[in-house]
There are 2 protein chains.
Amino acid sequence: MKRIADSTVRRLSLYLRFLEDFEQRGLETISSDELAQRGGTTSAQVRKDLSFFGSFGKRGLGYSVPELSRRIREIIGLGREWRVIIVGAGKIGAALAQYQGFAQRGFHIVAVYDSSPEKIGRSWNSQTIRDIRQLEHDTAREKPDIAVLTVPSEAAQAMLDRIVKAGIKAVLNFAPVQLQAPPDVTVKSVNMAMELEGLSFALTNRD
Amino acid sequence: MKRIADSTVRRLSLYLRFLEDFEQRGLETISSDELAQRGGTTSAQVRKDLSFFGSFGKRGLGYSVPELSRRIREIIGLGREWRVIIVGAGKIGAALAQYQGFAQRGFHIVAVYDSSPEKIGRSWNSQTIRDIRQLEHDTAREKPDIAVLTVPSEAAQAMLDRIVKAGIKAVLNFAPVQLQAPPDVTVKSVNMAMELEGLSFALTNRD
């Protein structure tokens, strides 16, 4: 398969949400125009995004809603359970540990870590916060797929190095710093200030 | 100015971070190659991104670091203070209200709202959580620029409608639902599950 851009994957996630909404409402087919309108893009873009994965839909009839959502789930890798650890039991970590949307999508928080003696041993929902010193030991045994990194900026690179060395191949980083990882590890960063900058740009460049 | 894609604005925010890092280290010039490498993109893309805003840099000499960062700040609208309100004093709201990175960029939290009698009146850092019933009254007087929406999904559209009616033109939404707003209002959504889906895609489609 060709290398797929991040922006394409994001749109697939978005299309999937629309398709699930259509499924719940009992609709059987959807056109690329409808998907484009909901997603704020063009129907040419929708057709291009879906064409990466072989041919979908019938000309003039649109896409079958259940078939297309099944196929996108498969492409994104949502047919299975993903084991997720949270590294850093601060405010963002707490918000994520309780986020309902994760389990619905097959992302299961299997452990939460911190280095602070005041936090270690405390309970968060069904999790007990673990000592970060257990990370390597636990990872070898429990084989989590994804680490969510919510430590302070100055600790982020060293912690990422540990996570990588422990064998985890996918990291979602919330520290507002650029991190270096080997090419076989995927690091995605969520930077809240950058999200707001998208808005300040929009406000500054209004017609 | 031409309509600029969201992905371009994101890259500009990212370039700005690299430039600030270079400035701190006392470097005077930077090439499109260096920017591309740090940003995980191509130098052709960097030149294209910057060309939207007129001509920068001298062939063979690269870009002046202070000039380029000044210009990008101007483009993104970071030369001023932005007044931000948080609507929804839950876990994500709490994490955002304490996020250091906002004030550094000129985003100032001026108010936090909730509807729960148990939360209203409580203190968060320098903020006292206000009654959501004050939203319209406060907004008319205090004129916030941006609303961060961190209410439960089922309340999000109705709250967005109120925010829009109160006259706010930019909203950062954390509820995992698609929201409808008039064309003169910019709504950006941060969806944590979608971020994880980018990782499950990467893990599923590894070579």
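The values are calculated or read from the model by the stated rules, or taken from the named source; none is laboratory data. The model shown is predicted, which means the values in this text are computed figures rather than measured ones. Virtual Cβ from ideal backbone geometry, glycine too; neighbours counted across all protein chains shown.
Return the residue satisfying two criteria in turn: it lies in the stretch A:68-120 and is within 11 Å of chain B (Cβ to nearest Cβ) and of a type in the set (Phe, Trp, Tyr), and of such residues it is farthest from residue B:151 (Cα to Cα).
Result: A:82.
Take the stretch B:141-155 and flag every residue that is of a type in the set (Gly, Ala, Ser) and in contact with a Gly (Cβ under 9 Å, 6 or more places away or on another chain).
First, pick out the residues of the stretch B:141-155 that are of a type in the set (Gly, Ala, Ser): B:147, B:153, B:155.
Result: B:153, B:155.
Of all residues in the stretch B:140-183, how many are in contact with a helix residue (DSSP H, G or I) (Cβ under 9 Å, 6 or more places away or on another chain) and either buried (at least 19 other Cβ atoms within 10 Å of the Cβ) or more than 23 Å from residue A:100 (Cα to Cα) (or both)?
So the answer is 25.
Does the stretch A:1-34 hold any residues that are of a type in the set (Lys, Arg), modelled with pLDDT of 85 or more and loosely packed, with under 15 Cβ neighbours inside 10 Å, and which are they?
Within the stretch A:1-34, just A:25 meets the criteria.
Would you please name the residue that is nearest to the chain's Cα centre (by Cα), looking only at residues in the stretch A:169-185 that are among the hydrophobic types (A, V, I, L, M, F, W, C) and at the interface with chain B (Cβ under 7 Å from one of its Cβ atoms)?
Across the stretch A:169-185, the extreme among qualifying residues is A:172.
Being within 13 Å of chain A (Cβ to nearest Cβ) and surrounded by 15 or more Cβ atoms within 10 Å (Cβ to Cβ) is the filter here, so list the residues in the stretch B:35-48 that pass it. Before the answer, list the steps.
Step one: list which residues in the stretch B:35-48 are within 13 Å of chain A (Cβ to nearest Cβ), which gives B:35, B:37-42, B:45.
Of everything in the stretch B:35-48, those that are within 13 Å of chain A (Cβ to nearest Cβ) and surrounded by 15 or more Cβ atoms within 10 Å (Cβ to Cβ) turn out to be B:35, B:38, B:39, B:41, B:45.
Considering only the stretch B:103-139, how many residues are surrounded by 16 or more Cβ atoms within 10 Å (Cβ to Cβ) and within 21 Å of residue B:185 (Cα to Cα)?
Here the count works out to 11.
Taking the stretch B:1-33 as the search range and keeping residues that are more than 27 Å from residue B:102 (Cβ to Cβ), in contact with a helix residue (DSSP H, G or I) (Cβ under 8 Å, 6 or more places away or on another chain) and of a type in the set (D, E, K, R), which one is nearest to the other protein chains (Cβ to nearest Cβ)?
By that ranking, first place goes to B:33.
For residue A:111, work out the one condition from (1) assigned to a loop (DSSP other than H, G, I, E, B); (2) modelled with pLDDT of 90 or more it doesn't fulfil.
(1)
Go through the stretch A:79-102 and report how many residues are outside any helix (DSSP H, G or I) and surrounded by fewer than 21 Cβ atoms within 10 Å (Cβ to Cβ). Give the steps one after another, and end with the answer.
Initially, the stretch A:79-102 is screened for residues outside any helix (DSSP H, G or I), giving A:79-90, A:98-99.
Right, trim to surrounded by fewer than 21 Cβ atoms within 10 Å (Cβ to Cβ) and you get A:79-81, A:83, A:90, A:98-99.
Number of matching residues: 7.
Tell me, yes or no, whether the stretch A:51-62 has at least one residue that is surrounded by 13 or more Cβ atoms within 10 Å (Cβ to Cβ) and modelled with pLDDT of 85 or more.
Here is the first cut: in the stretch A:51-62, the residues surrounded by 13 or more Cβ atoms within 10 Å (Cβ to Cβ) are A:52-53, A:56-57, A:62.
Applying the additional criterion that residues be modelled with pLDDT of 85 or more yields none.
There is no residue in the stretch A:51-62 that is surrounded by 13 or more Cβ atoms within 10 Å (Cβ to Cβ) and modelled with pLDDT of 85 or more.
For the stretch A:117-207, which fully contained helices (runs of 4 or more DSSP H) count at least 1 residues that are in contact (Cβ under 8 Å) with a residue 24 or more places away in the chain and more than 30 Å from residue B:75 (Cβ to Cβ)?
Ranges flagged: A:135-142, A:153-165.
Within the stretch B:113-126, can one find any residue that is out of contact with any Leu (no Cβ under 8 Å at 6 or more places or on another chain) and at positive phi?
yes
Would you call residue A:166 within 14 Å of chain B (Cβ to nearest Cβ) and among the aliphatic types (A, V, I, L, M)?
Answer is no for this residue.
Take the residues of the stretch A:186-207 that are more than 8 Å from chain B (Cβ to nearest Cβ) and surrounded by 18 or more Cβ atoms within 10 Å (Cβ to Cβ): which is modelled with the highest pLDDT?
First pass over the stretch A:186-207, keeping only residues more than 8 Å from chain B (Cβ to nearest Cβ): A:187, A:189, A:207.
If we keep only those that are surrounded by 18 or more Cβ atoms within 10 Å (Cβ to Cβ) as well, we get A:187, A:189.
On the way: A:187: 94, A:189: 87.
The qualifying residue modelled with the highest pLDDT is A:187.
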